[in-house]
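Worksheet: one structure, shown below.
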Amino acid sequence: MLLLLDTADLQEIKRLCDLFPIDGVTTNPTILNREKQSPMGHLKKIREILPSDTQLHVQLLSENAEKMVIEAHHIVNTIGGNIYVKIPVTAQGIKAIKALSKEGVSVTATVVHAPMQAFFAAKAGASYVAPYVNRIDNMGVDGVQAVKEIQTIFAEQKMDCGVLAASFKNSRQITELCAAGVSAVTAAPDVMEMLIRHPATDKADADFRRDFNQLAGTGKTMLDF
C-alpha cells in the first residue's frame with residue numbers, strides 16, 4: 001500500500017518524507033488555498049523537494065471536458081515529473097478521463113462518493129480513483145465499507161485501476177483499508193503520524209533506556225563500548 005501526504009505544506013512534506021517511506025503528495029484547491037501562494041509556483045516547489053519517483057497529484061478546475069483536457073496537459077507540461085491529474089467524477093470529468101487516458105496522461109478520478117462512480121472512472125481509463133472515506137461517513141454511509149466494495153468491483157471486473165483512499169478522521173480507518181488490500185491512502189500529516197504513534201511503544205522505549213542508564217550510565221549507548 002502506497003502512503004501519500006495530503007498537504008501542500010513544504011516544511012511538513014520535507015519533515016515527513018525524511019522520517020517515513022512516503023510515496024507521494026496529494027493536493028486539492030482547498031489545500032493550496034491554505035498556503036496563500038501562487039498555485040503553480042507552489043506546486044513546482046513541491047515537485048522539486050519530492051524524490052523523482054514519488055507521485056504528485058494535482059487537481060484541475062475546468063468544468064467541461066475539452067477545457068479539462070487542455071488544463072491537464074498544461075499541468076503536466078508545466079510541473080513535469082511523476083504527475084497525476086485529479087479530475088472530479090462528473091459526467092464531463094469521465095469524458096475528459098477517456099480522452100486523457102488515450103493520450104497517456106495519468107489521471108486520478110477524485111471526489112468519489114459511490115462505487116459506481118469509481119467503476120465509470122476506471123472503465124474510462126483512470127489510473128486511480130479517490131474515494132473520500134470520511135465524507136462518505138458524513139452522508140450516513142460506511143466509508144470504509146464503500147471503499148471495500150470498490151475494491152471488490154475492481155477485482156471481480158478485472159479492472160486495472162488503483163484505489164487511492166482519502167479523507168480520513170482516524171488511523172483505524174486506514175488500518176482497515178490496509179488489511180483489505182487497498183492500493184494507496186493519502187492522509188494529512190497529523191493522521192499519518194497517528195499510524196506510527198503508540199503510548200505503549202513510547203513507554204517500552206523509555207523503560208529500556210532507563211534500565212540501560214542504570215547499567216552503563218546516563219546517556220550511554222552501545223557506541224561507548
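Where a number appears in this text, it was derived from the coordinates with a stated rule and is not lab data. A quick note: this is a predicted structure, and the numbers were derived from the prediction, not measured. Note that each Cβ is placed from the backbone with ideal geometry, even for glycine, and that neighbours are counted across all protein chains shown.
Cβ under 13 Å from Gln157's Cβ, Gln157 left aside: what net charge do those residues give with Lys, Arg +1 and Asp, Glu -1?
Values: positive: Lys123, Lys158; negative: Glu149, Glu156, Asp160.
That sum, taken over residues with Cβ under 13 Å, equals -1.
Within the same chain, lysines fewer than 8 places from Lys14 are excluded, and of the rest, those with a Cα less than 22 Å from its Cα are Lys36, Lys44, Lys45. A crude spin-label estimate for the pair Arg209 and His73, with each label 7 Å from Cα along the Cβ direction, gives 5.6 nm.
For every other residue with a beta carbon closer than 14 angstrom to the beta carbon of His73, add +1 if it is Lys or Arg and -1 if Asp or Glu, then tell me the sum.
Here the count lands on -1.
For region 75-173, which trypsin sites (Lys or Arg not before Pro) are in a loop by DSSP, counting at most 12 other Cβ atoms within 10 Å? Those that pass, being in a loop and sparsely packed, are Lys158. Taking the empirical scaling 2.2 N^0.38 Å for compact globular proteins as reference, the chain has a Cα radius of gyration ratio of 1.17. Applying both filters, DSSP loop and at most 16 other Cβ atoms within 10 Å, to the GluC sites (Glu not before Pro) of region 37-132 gives Glu63, Glu103. Once you put a point 7 Å from the Cα of Thr201 and another 7 Å from the Cα of Cys178, both along the Cβ direction, what distance in nm separates them? Label at Thr201, label at Cys178, 0.9 nm between them. Counting only lysines at least 8 places from Lys123 when in the same chain, those with an alpha carbon closer than 17 Å to its own are Lys86, Lys95, Lys98, Lys102, Lys158.
Dividing the summed helix terms, -39500 (n - 2.57) for each DSSP H run of n ≥ 4, by the number of residues in the chain produces a 222 nm estimate of -16000 deg cm²/dmol to the nearest 500.
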